[in-house]
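The structure under discussion is supplied below as structure tokens; questions concerning it will follow.
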Amino acid sequence: MARKTTKNTAEVPLRPVEPGPHWSALREGDRVSVRLAPGFETGGRVSAVTPDRTVVWVDLDGGRGRTLLHCSDRVEILPA
């Protein structure tokens, strides 16, 4: 019986990644509101953005640290 094989699986992403249109407008220093889940929202300031806009680092308000957000995390990052 033949086995089903897939070649070059390390080079293929698990799923396509595309940042939302509002992510393309984010810049370092922007004040943002981060919605992690319904009913849970926090503020912060963008500290870094990757050139392809798929990853954003946000310094959270209130000394809660810095968090990395990826566009596939299903979070909303909106201008504050």
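Nothing in this text is a laboratory measurement; each read-out follows from the coordinates by a stated rule. Here the structure is a predicted model, which means the values were calculated and not measured. So basically every Cβ, Gly included, is an ideal-geometry build from the backbone, and we count neighbours across all protein chains shown.
Estimate the FRET efficiency between Asp52 and Ala80 by the formula 1/(1 + (r/R0)^6), using the beta-carbon distance for r and 35 Å for R0, to the nearest 0.05.
Working from the Cβ atoms, E equals 0.90.
In nm, to one decimal, how far is the modelled label at His70 from the one at Leu36, with both set 7 Å along Cα→Cβ?
Label-label distance for His70 and Leu36, simple model: 1.7 nm.
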